[in-house]
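A quick write-up on the structure given underneath.
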Amino acid sequence: MEEDESNFVGGKLAVKDIKRFINSAQYRKQKTVPDADISGYRYDPLLSTDESVVYYNPQTNHVVHSIRATNGTVRDWINNGIYLASPLAYRQTPRFKNAIKTQTQMEQKYPDAKKSIVTHSQSGIMGRYMARDRP
């Protein structure tokens, strides 16, 4: 079944910033603290996890949730396999549930902010579902 993605709306994040958001999420475990500031977006350590980072820009009232891509672990590759076998089953993985939990907490903390999800590789699956379910 094909999904109608015509209602998805892109934001106005600079490409250089998107890359920094992706890297911040991807290398979260290797760094003590991700970039504290990305072009005015401030890292939110209370919402960020090993798999997701959240940044908020108070000047523009815009919040960004960047979700880590596949990191090469067996667990992440198992998640990829689950998605190939059953996209619906993928939504039951701890990895997907963590992204939803972070997104929900972000929406509660910043209810009036513009919101963006930045994804890459496996996290694109999560971002696509979240954008569809929570436009």
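The values are calculated or read from the model by the stated rules, or taken from the named source; none is laboratory data. Please read all numbers here as calculations on a predicted model, not as lab measurements. Note that we place each Cβ from the backbone using ideal geometry, even for glycine, and neighbour counts take in every protein chain shown. For the accessible areas, the whole protein counts, side chains as well, though only heavy atoms, and no ligand, DNA or RNA atoms are used. Shrake-Rupley method; radii C 1.70, N 1.55, O 1.52, S 1.80 Å.
Given the residues ASP44, ASP17, ASP50, ASP35, which is the only one that is out of contact with any Cys (no Cβ under 6 Å at 6 or more places or on another chain), closer than 15 Å to VAL118 by Cβ, among the acidic types (Asp, Glu) and open to solvent by 40 Å² or more (accessible area, probe 1.4 Å)?
The conditions single out ASP35.
How many residues does the range 60-94 hold that are among the hydrophobic types (A, V, I, L, M, F, W, C), open to solvent by less than 20 Å² (accessible area, probe 1.4 Å) and at pLDDT 90 or above? Break it down into steps so the answer makes sense when it comes.
Of the residues in the range 60-94, the ones among the hydrophobic types (A, V, I, L, M, F, W, C) are 63-64, 67, 69, 74, 77-78, 82, 84-85, 88-89.
Of the ones still in play, those that are also open to solvent by less than 20 Å² (accessible area, probe 1.4 Å) are 63-64, 67, 69.
Restricting the remaining residues to those that are at pLDDT 90 or above gives 63-64, 67.
Counting residues in the range 60-94 that are among the hydrophobic types (A, V, I, L, M, F, W, C), open to solvent by less than 20 Å² (accessible area, probe 1.4 Å) and at pLDDT 90 or above gives 3.
Determine if the range 50-65 includes at least one residue that is more than 10 Å from the chain's Cα centre (by Cα) and more than 19 Å from LYS12 (Cα to Cα).
Checked against the condition, which is being more than 10 Å from the chain's Cα centre (by Cα) and more than 19 Å from LYS12 (Cα to Cα), the range 50-65 yields at least one hit.
Tally up the residues in the range 96-124 that are open to solvent by less than 40 Å² (accessible area, probe 1.4 Å), of a type outside the set (Ser, Thr, Tyr) and modelled with pLDDT under 90, please.
The total comes to 2.
Failed condition for ASN57, given (1) modelled with pLDDT under 95; (2) over 17 Å from THR119 (Cα atoms), with all others met?
(1)
GLY127 fails exactly one of the following numbered conditions: (1) of a type outside the set (Val, Ile, Thr); (2) out of contact with any Phe, Trp or Tyr (no Cβ under 7 Å at 6 or more places or on another chain); (3) at pLDDT below 90; (4) over 19 Å from ASN23 (Cβ atoms). What is the number of that condition?
GLY127 satisfies all of (1) of a type outside the set (Val, Ile, Thr); (2) out of contact with any Phe, Trp or Tyr (no Cβ under 7 Å at 6 or more places or on another chain); (3) at pLDDT below 90; (4) over 19 Å from ASN23 (Cβ atoms) except (4).
Write out, first by first residue and then by second, each pair whose Cβ atoms fall under 6 Å of each other, whose residues are 6+ apart or on separate chains, and whose first residue, in the range 74-90, is touching a residue at least 24 places away in the same chain (Cβ under 8 Å) while the second is surrounded by 11 or more Cβ atoms within 10 Å (Cβ to Cβ) and of a type in the set (A, V, I, L, M).
Within 6 Å, the pairs are TYR83/ILE125; TYR90/ILE82.
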